[in-house]
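Peer 1: Below are the structure tokens for one structure; questions will follow.
The values are calculated or read from the model by the stated rules, or taken from the named source; none is laboratory data. Just so you know, these numbers come straight off a predicted model, no measurement behind them. Glycine also receives a Cβ, built like all others from the backbone with ideal geometry; neighbour counts cover every protein chain displayed. Note: accessible area is taken over every heavy atom of the protein model, side chains too, but ligands, DNA and RNA are not part of it. Shrake-Rupley method; radii C 1.70, N 1.55, O 1.52, S 1.80 Å.
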Amino acid sequence: MNLFRKPVNFYELLLTQCDCMSRGMKALYDFCKTKEDKYADLVIEIEDEGDMKRRIVIDEINNTLITPIERNDIFDLSRQIDEILDYAKTTVDEFRLFKIEPNDDICNMVSILLDITNHISKAIANMEKHKNIAKDEAILVKGLENKVAESCVNALANLFQKDDWREVFKYREIYRHLNTTSDIADVAMDSLLDIINNI
């Protein structure tokens with residue numbers, strides 16, 4: 001470790017990951033609304049960019065003697081942000097693998113997930129200097145997670161009315177991944193709230 005290197009702003013590094021996460025979810029939402037492949041391709045492109053941002057965070061953790069918050073906390077929050085973007089890519093991969101298109105229920109869930117990513121970005125942007133705002137944003141995310149769960153249950157109820165069980169299984173997998181994405185967001189905000197309470 002270089003003791004005389006310029007201090008690293010880990011909050012800004014996490015925000016660069018958030019930028020990828022939000023743009024990736026926006027591209028997924030645009031794909032769900034338009035069904036245009038260019039947006040699906042964009043999700044995959046942004047996910048690759050997000051992976052690089054994650055690698056930079058890890059590299060800086062390993063090369064920094066003193067961090068503003070616990071190393072493990074930075075690592076976990078970075079990983080959770082990355083996982084949200086990973087699941088956006090997984091959703092695109094499954095649409096293509098299963099040869100199905102987004103329906104209204106999926107559009108609704110992705111719309112809520114897009115709101116979630118925007119609130120996560122605001123929470124992280126404020127966690128250093130405006131902790132109460134960061135907490136408020138984190139709590140909003142946790143409320144939206146419940147909204148995704150409710151939407152998922154309703155979507156499954158609609159899905160199970162169909163006779164084609166192959167289609168049921170395919171869509172159920174995508175619903176499950178979108179619901180898991182909101183669960184990860186919820187855990188990420190738990191991590192953020194723990195960090196703020198310990199600063």
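Peer 1: Heads up, I need the accessible area for residue 199: 1.4 angstrom probe, whole protein in place, Å², nearest 10.
Peer 2: Surface open to solvent at residue 199 totals about 100 Å².
Peer 1: Can you figure out the FRET efficiency of residue 37 with residue 104, using R₀ = 25 Å and their beta-carbon distance, to the nearest 0.05? Intermediate values should be presented prior to the final figure.
Peer 2: On the way: r = 20 Å, r/R0 = 0.80.
For R0 = 25 Å, the calculated efficiency reads 0.80.
Peer 1: Compute, for the chain, the length of the dipole vector about the Cα centre, with Cβ point charges of +1 (Lys, Arg) and -1 (Asp, Glu) only. Units Debye, rounded to 20. Intermediate values should be presented prior to the final figure.
Peer 2: Working: 26 positive and 38 negative charges, 61 e Å.
Here the size comes out at about 300 debye.
Peer 1: Continuing with this model, one more query. How would 87, 175 rank on accessible area, largest to smallest, probe 1.4 Å?
Peer 2: On the way: 87 55, 175 5 Å².
So the residues, ranked largest to smallest area, are 87, 175.
Peer 1: So if a site counts as exposed when it's one of the GluC sites (Glu not before Pro), its DSSP state isn't H, G, I, E or B, and it has at most 14 other Cβ atoms within 10 Å, what's the longest stretch of the chain without one?
Peer 2: 71-199
Peer 1: Rounded to a whole number, what is D in µm²/s for region 46-133 from Stokes-Einstein with the Kirkwood radius over alpha-carbon pairs (37 °C, 0.692 mPa s)? Present the calculation step by step, with values, prior to reporting the outcome.
Peer 2: Working: Rh = 15.2 Å.
For the chosen part, D equals 216 µm²/s.
Peer 1: Could you work out the helix-only [θ] at 222 nm for the chain, with each DSSP H run of four or more residues adding -39,500 (n - 2.57) and the total divided by the number of residues, to the nearest 500 deg cm²/dmol?
Peer 2: Calculated at 222 nm, the ellipticity per residue is -29500 deg cm²/dmol.
Peer 1: Scan the chain and note any complete DSSP helix (H) whose C-alpha atoms cover at least 15 Å along its axis and whose Kyte-Doolittle average is -0.5 or more.
Peer 2: Numbers: long enough: 10-34 (36 Å, 0.10); 37-62 (38 Å, -0.58); 71-98 (39 Å, -0.47); 104-126 (34 Å, 0.52); 131-159 (42 Å, 0.12); 165-198 (49 Å, -0.37).
Both cut-offs are met by 10-34, 71-98, 104-126, 131-159, 165-198.
Peer 1: Given an 8 Å cut-off on Cα distances and at least 6 residues of separation, report the relative contact order of region 1-93 as a percent. Provide the component values of the computation, followed by the final result.
Peer 2: Numbers: 80 pairs, mean separation 38.4, N = 93.
Result for region 1-93 is 41 percent.
Peer 1: If you don't mind, there's one more thing I want to ask. For the chain, just list the percent of Cα-Cα distances falling in each 10 Å bin from zero outward, please.
Peer 2: 9, 35, 32, 17, 6, 1, 0
Peer 1: A further question follows. With each label point set 7 Å from Cα along the Cα-Cβ vector, what nm distance links residue 59 and residue 9?
Peer 2: 1.9
Peer 1: Let me cross-check residue 131: its accessible surface, 1.4 Å probe, with only protein heavy atoms counted, in Å² to the nearest 10?
Peer 2: 70
Peer 1: Using just the alpha carbons, could you tell me how many Å³ per residue the convex hull of region 128-184 encloses?
Peer 2: 55
Peer 1: Rank these residues by their accessible area, most exposed first, probe 1.4 Å: 166, 71, 96, 176.
Peer 2: 166, 176, 96, 71
Peer 1: Of the candidates 26, 142, 129, which one comes out as most mobile in a Gaussian network treatment of the chain with C-alpha springs shorter than 10 Å?
Peer 2: Highest fluctuation among the options: 129.
Peer 1: State the answer as a single residue: which of 95, 78, 40 lies farthest towards the positive end of the charge dipole of the chain, with beta carbon charges of +1 for Lys and Arg and -1 for Asp and Glu, about the Cα centre.
Peer 2: Of the options given, the answer is 78.
Peer 1: Any idea what the dipole of region 16-99 comes to, in debye rounded to 20, about its Cα centre with Lys/Arg Cβ at +1 and Asp/Glu Cβ at -1?
Peer 2: 280
Peer 1: Which of 52, 25, 109 moves the most in a Gaussian network model of the chain with Cα springs under 10 Å?
Peer 2: Highest fluctuation of the listed residues: 52.
Peer 1: Now for a separate question. Can you pull the accessible area of residue 177 for me, 1.4 Å probe, Å² to the nearest 10?
Peer 2: 20
Peer 1: Report relative contact order for region 115-190 in percent, whole number only (criteria: Cα-Cα under 8 Å, sequence separation at least 6).
Peer 2: On the way: 58 pairs, mean separation 27.5, N = 76.
Rounded, it is 36 percent for region 115-190.
Peer 1: Which residue, chosen from 21, 52, 66, occupies the Cα position most advanced towards the positive end of the dipole of region 19-67, where the dipole is computed from +1 (Lys, Arg) and -1 (Asp, Glu) charges on Cβ about the Cα centre?
Peer 2: My answer, from the dipole projection, is 21.
Peer 1: For region 47-199, what's the relative contact order in percent, using C-alpha pairs closer than 8 Å and at least 6 residues apart? Mind dumping the intermediate values first?
Peer 2: Details: 129 pairs, mean separation 48.1, N = 153.
Taking the mean separation of contacting Cα pairs over the length of region 47-199, I get 31 percent.
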